[in-house]
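A short worksheet on the structure shown next.
The values are calculated or read from the model by the stated rules, or taken from the named source; none is laboratory data. Just so we're clear, the structure is a prediction, and the values are computed from it rather than from any experiment. Heads up, the Cβs are rebuilt from the backbone with ideal geometry, glycines too, and the neighbour counts pull from every protein chain shown.
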Amino acid sequence: MNFNELPLIAPILKATQEAGYEEPTPIQRETIPLVLEGRDVLGCAQTGTGKTAAFALPILQKLFTEKLDGSRKPRALILTPTRELAIQIQENFTLYGKHLPLRSCVVFGGVSQYGQVEQLRRGAQILVATPGRLCDLINQGYIHLDQIEIFVLDEADRMLDMGFIHDVKRVIALLPPKRQTLFFSATMPDEVEKLSMTILNDPASVKVDPVSSTVDTIRQTMYLVDKLNKKYLLADLLKKPEVENALVFTRTKHGADRVVRELENMGVRSLAIHGDKSQSARQMAMGQFKNGVLKVLIATDIAARGIDIVGLSHVINYDLPNEPEAYIHRIGRTGRAGLGGDAISFCCIDEMKDMAAIEKLIGRKIPRKDSAWPMEVFVESVKPARGQRPERVARVNLRGEAIAEKKQFDRFHRNGETQGRPMSAGNGRSSSTANGRPMASTNSKPAASANGRPASGPYGRPAPQTADRRPAAQPQFGNRSATAANATEQRVQTFGNRNLGVHSTRTGEGNHAIHREQQPDYRTENRFAYASEERQPQRQSNQSQGRARKYESR
């Protein structure tokens, strides 16, 4: 059977012939007629079997034959988990529909949204998006989903897990009730399939291959090697002539960067792509790898979904994945479109359980292979328990020193009497007169506010009171004169009128009684700086007189 026997229009058939497509794959043969009939489809097939063309070709035909009058809103929405996959799907739509007057647009995060918004304003019938950027543009009012006719969820098992399920449900809630929904994936766990059945409307299930099976053209091998020797084995394999290019998968982002540095020290050039890389750096690395400029690409699982790399000879699992389904997607980057490929995996003692889960999923035992670095450690490593983090310092002073939390002194006021404690002057010292002696209060009871409670000073301390219940003067330091003390009090009151030293508060009972509360003045912390500030006007006047005498001498 060839594409001419499928119910496709001539412009699409011409595009497929120009792309080099001769015979449709099983998933394409069964899915394309169902989509053209308007049925919901749940498609599951092995990696590299042409699932993108299985939904892209009929979508293009339906949008072309069922035209709307001058609408610029998207009519087909395709959601994908990764940016690279979104770009690739949009390129496929452009390739298949180059003889049709249809526009496609792709939106994803990591880059400026300006260019994407401009494409949306010009109008696009087909929208390919990642969930995060799609929700952002919906909130900003640039995208409206009220005219969506076909909704596609690519890599449905990944999109319906806890990482994307909330965004997906939010997008589905904005879609019209009457629509066509298509789900596609290479793996379909039972719980994900049950969830998809609640979203689809009487779907036609298309499973042309055993679920979660690997392609037979991929040769799989496993090396049992210690964790510390993985880098030596990897460098040795990459230097062999049969390795034309290799996609190496690691479990973490930091692990990918570490492998790049280790290979660089061993004379092997490589680049890494992961979530912490900018989108421009990821596209540059992927472009060099696809064009053959770069031989080795280190990646996390963001490159394990749907990325089509023509002629990829080797996939190497430097770290086995935690999820066994990810293994199928990883090795599916090679052996695509009927070509052969090699999938090599490294396994240390800590990954034996992951290897057993993978072999149980694929239903076969991966052949072992010996190397110059055999496994010598047979005891699993125990990660040390994370120690308790030190308490975070809440407040520091201007010198960066920690300030201990100060207690509220109101608790020591009982029956209107202080418990033998000296009254505070607002800076943590006892109130004193100009000669340095403690100031005696004429009234043993502290001043009360309108609600009967004692008026509090800074940091919860009782405000110093005089006989007429006004705030006491600031404390004096050393042998400063009374004139300086009066100037200090006057200056503090002046700043208080500017809401710096004095402010008003409301009492707890709701009345608007106002009492003045003395605030700490940062300038009184250093008496020498304060004294120099008082002498500043005199210095300025002397300088002015000096300039005047110099002018008169001229």
Given (1) surrounded by fewer than 21 Cβ atoms within 10 Å (Cβ to Cβ); (2) assigned to a helix (DSSP H, G or I), where does residue 293 come up short, assuming only one miss? (2)
Given the criteria surrounded by fewer than 18 Cβ atoms within 10 Å (Cβ to Cβ) and in contact with a strand residue (DSSP E or B) (Cβ under 6 Å, 6 or more places away or on another chain), does residue 119 qualify? yes
Looking across segment 244-266 at residues that are β-branched (Val, Ile, Thr) and modelled with pLDDT of 95 or more, the single one that is nearest to residue 369 (Cα to Cα) is 248
Please specify each residue of segment 166-192 satisfying the condition of being among the hydrophobic types (A, V, I, L, M, F, W, C) and closer than 24 Å to residue 54 by Cβ. 168, 171, 172, 175, 182, 183, 184, 186, 188, 192
Filter segment 213-238 for residues that are out of contact with any Gly (no Cβ under 8 Å at 6 or more places or on another chain) and in a loop (DSSP other than H, G, I, E, B) and give the result. 216, 225, 226
Please determine whether any residue of segment 320-332 is without any contact (Cβ under 8 Å) to a residue 24 or more places away in the chain and in a loop (DSSP other than H, G, I, E, B). yes
Residues that are surrounded by 24 or more Cβ atoms within 10 Å (Cβ to Cβ) and free of Cβ contacts under 8 Å to residues at least 40 places away in the same chain: find the strands (runs of 3 or more DSSP E) completely inside segment 33-112 holding 2 or more of those. 104-107
Of all the residues that make up segment 326-342, how many are in contact with a strand residue (DSSP E or B) (Cβ under 9 Å, 6 or more places away or on another chain) and either farther than 23 Å from residue 157 by Cβ or at pLDDT 95 or above (or both)? 2
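Here's the yes/no breakdown for (1) within 21 Å of residue 41 (Cα to Cα); (2) touching a helix residue (DSSP H, G or I) at 6+ places or on another chain (Cβ under 8 Å); (3) free of Cβ contacts under 8 Å to residues at least 12 places away in the same chain:
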site: 128; (1), (2), (3): yes, yes, no
site: 132; (1), (2), (3): no, yes, no
site: 141; (1), (2), (3): no, no, yes
site: 174; (1), (2), (3): yes, yes, no
site: 200; (1), (2), (3): yes, no, no
site: 208; (1), (2), (3): yes, yes, no
site: 218; (1), (2), (3): no, yes, no
site: 222; (1), (2), (3): no, yes, no
site: 225; (1), (2), (3): no, yes, no
Would you check if residue 282 is part of a loop (DSSP other than H, G, I, E, B) and at negative phi? no
Out of 128, 168, 107, sole residue that is at pLDDT below 95 and among the hydrophobic types (A, V, I, L, M, F, W, C): 168
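One line per residue, one yes/no per condition, for (1) charged (D, E, K, R); (2) at pLDDT 60 or above; (3) under 30 Å from residue 46 (Cβ atoms):
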position: 353; (1), (2), (3): yes, yes, yes
position: 359; (1), (2), (3): yes, yes, yes
position: 377; (1), (2), (3): no, yes, no
position: 381; (1), (2), (3): no, yes, no
position: 387; (1), (2), (3): no, yes, no
position: 398; (1), (2), (3): no, yes, no
position: 405; (1), (2), (3): yes, yes, no
position: 413; (1), (2), (3): no, no, no
Under the condition of being of a type outside the set (S, T, N, Q) and at pLDDT below 95, which residue from segment 217-226 is nearest to the chain's Cα centre (by Cα)? 218
Residues of segment 176-198 being in contact (Cβ under 8 Å) with a residue 40 or more places away in the chain, touching a helix residue (DSSP H, G or I) at 6+ places or on another chain (Cβ under 8 Å) and not in a loop (DSSP other than H, G, I, E, B), which ones? 180, 181, 182, 183, 184, 185, 196
Considering segment 1-18, residues that are assigned to a loop (DSSP other than H, G, I, E, B) and modelled with pLDDT of 90 or more, and then whichever is surrounded by the most Cβ atoms within 10 Å (Cβ to Cβ), we arrive at 8
Kindly indicate whether any position in segment 242-250 is part of a helix (DSSP H, G or I) and in the same structural domain as residue 305 (by TED's automatic domain parsing). no
So, first residue in contact (Cβ under 8 Å) with a residue 60 or more places away in the chain in segment 293-308, second residue among the β-branched types (Val, Ile, Thr) and surrounded by fewer than 24 Cβ atoms within 10 Å (Cβ to Cβ), Cβ within less than 6 Å, six or more apart or across chains; the pairs are 302/82; 305/82
Could we say that residue 283 is surrounded by fewer than 21 Cβ atoms within 10 Å (Cβ to Cβ) and in contact (Cβ under 8 Å) with a residue 40 or more places away in the chain here? yes
Those residues that are under 17 Å from residue 305 (Cα atoms) and charged (D, E, K, R), I need them from segment 274-288; list them, please. 282
Test: residue 43 is assigned by TED's automatic domain parsing to the domain that holds residue 151 and at positive phi: no
